[in-house]
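The values are calculated or read from the model by the stated rules, or taken from the named source; none is laboratory data. Since the model is a prediction, treat every value here as computed from it, not as a measurement. Glycine gets a Cβ as well: all are built from the backbone with ideal geometry, and neighbour counts include every protein chain shown. With ligands, DNA and RNA removed, areas are computed over all heavy atoms of the protein, side chains included. Shrake-Rupley method; radii C 1.70, N 1.55, O 1.52, S 1.80 Å.
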Amino acid sequence: MDLFTIFGSLAAICMVLGYLPQAIYTIRTRDTDGIALPTFLLMGLGSAFFVVQGCLSHPLNWPLIATNLITFICSAIVFGIKMYNDHFRRKK
């Protein structure tokens, strides 16, 4: 394994492990009061752009695609719950 692969793998592990606890907590509790909406929106968009970059690279960069697809899905779930909570709580 070269340093490029080692650091890429470490980054992938850190990204997934950084997103999963927040996503799991939010899905379980539906608590989004402490979440900054712009932050999760930008982090989700960043992940989506990395997925596109991985798809456009030759050969396909599967670790980049897989990692950022997972983080994008986590961000989208948290963003969706946050939007739902903010929209419907204000109506009540």
Inset, instruction - Give just the number: which of (1) in a helix (DSSP H, G or I); (2) surrounded by 11 or more Cβ atoms within 10 Å (Cβ to Cβ); (3) modelled with pLDDT of 90 or more does R28 not satisfy? - result: (2)
Inset, instruction - Mind listing whichever residues of segment 38-82 are among the aliphatic types (A, V, I, L, M) and loosely packed, with under 14 Cβ neighbours inside 10 Å? - result: L42, L45, V52, L56, L60
Legend entry - For I35: the one exception among (1) touching a residue at least 12 places away in the same chain (Cβ under 8 Å); (2) surrounded by fewer than 16 Cβ atoms within 10 Å (Cβ to Cβ); (3) outside any helix (DSSP H, G or I): (2)
Inset, instruction - Any residue in segment 1-18 that's farther than 15 Å from F72 by Cβ and open to solvent by 80 Å² or more (accessible area, probe 1.4 Å): show its pairings with residues that are part of a loop (DSSP other than H, G, I, E, B) and at pLDDT below 85 at Cβ separation under 8 Å, as long as the two are six or more apart or on different chains. - result: none
Legend entry - Cβ-Cβ under 6 Å pairs, at least 6 apart or on other chains, segment 42-57 side at negative phi, far side β-branched (V, I, T) and part of a helix (DSSP H, G or I): S47/T71; V51/I65; G54/I65
